[in-house]
Amino acid sequence: MATNSTTNNTMIENTARKLITYDLAIGILALFSLLLLIPIFFGNLSSQDKTVLIYLEDGLCVVFLFDFFRSLRLAPNKWAYFLKGGGWLDLLGSIPFYAFAIFRVARLFRIVRQLRRMTGGEFRRMLTRQLAQSTLLFTLVVALILVFTLSWLVLIAEQNASNANIKTYHDAVWWAFVTITTVGYGDYYPVTGWGQCMAVILMFFGLGIIGVLSSYLASTFISRQRRRATKILGESKQDEDMDEDEENDEDETSNLEAELTALKEELASIKQLLEQHYQAQ
């Protein structure tokens, strides 16, 4: 029993050391989801504005539930992960009830503990191992956080302006999504200086998202073309090696046939000499 327990703990520790950028993104979303509870419980929000945050919270719960099943699938020992590796805490933290949101702190503690074990070189290698995917993932996570955070700041700046048309958090979130995607319907827009500063940040970040997405798609296509070209070259080289082997086999067969012919001639000469010798006797 002690040996099995030690083995399970070792497997859990080995799994915990394999931190990737995806885990960091999940940790950031977990922290963001905990911060969302502050305006939901303590903010003076209308029912419509609170509904927007509740929908966001439910969407994050879906992400955390996906992360739980992913971790369960990748775990070497599923029961060890679920019972001793914090899997049951991840599952409870994925339930869309505010009372269970506190269990998401376990994700943060686990990631922080893993980061403390890593050196600077290991952390850099983790970020640059799959640079395109890591950049795209962090860009999307930061964009999501910016949309809902800057929407709140713009609403605070605009709600006291006399000629403002962004008057609810729902309107601010809609404006933020339209702005960061560079669509720009123009139905909502900030009129205060602070709100326009937030709009500039979203505009520049929206252009960055387009650039990152384009770079990711380009790198993906290029890597696929390289793998395909490498595969074709490997197959052609294999065919050439097979042709060379066949030619070598043919040469060996010809040499064997020539040697057999020579042996037959020698045997015939020996037979003839023996016959002549017996006849002379």
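The values are calculated or read from the model by the stated rules, or taken from the named source; none is laboratory data. From a predicted model like this one, the values you see are computed outputs, not experimental measurements. Cβ placement follows ideal geometry from the backbone for every residue including glycine, while neighbour counts extend to all protein chains displayed. The area values use the complete protein model at the heavy-atom level, side chains included, leaving out ligands, DNA and RNA. Shrake-Rupley method; radii C 1.70, N 1.55, O 1.52, S 1.80 Å.
Computed on protein heavy atoms with a 1.4 Å probe, the accessible areas place VAL147, VAL63 in the order VAL63, VAL147, largest first. Take the Cα of ASN165, step 7 Å toward its Cβ, do the same at ALA132, and the gap between the two points is 4.1 nm. Heavy-atom accessible surface of ASP90, to the nearest 10 Å², is about 0 Å², with a 1.4 Å probe and all protein chains retained.
Annotation: peptides 220-227, 168-175, 99-106, ranked by per-residue average of other Cβ atoms within 10 Å with the highest first, follow the order 168-175, 99-106, 220-227. Among the protein heavy atoms of region 12-100, carbon and sulfur supply 71% of the accessible surface, probe 1.4 Å, non-protein parts ignored. The amide H of TYR189, built 1.01 Å from its N in the peptide plane, has ASN165, ILE166 as neighbours under 5 Å, considering only residues 5 or more places off or on other chains. Rolling a 1.4 angstrom probe over the protein heavy atoms with all chains in place gives region 34-158 an accessible area of 57 Å² per residue.
The largest-to-smallest principal axis extents of the Cα set in region 23-163 are 59, 33, 22 Å. Sorted from greatest to least, the principal axis extents spanned by the alpha carbons of region 82-153 come out as 38, 37, 19 Å.
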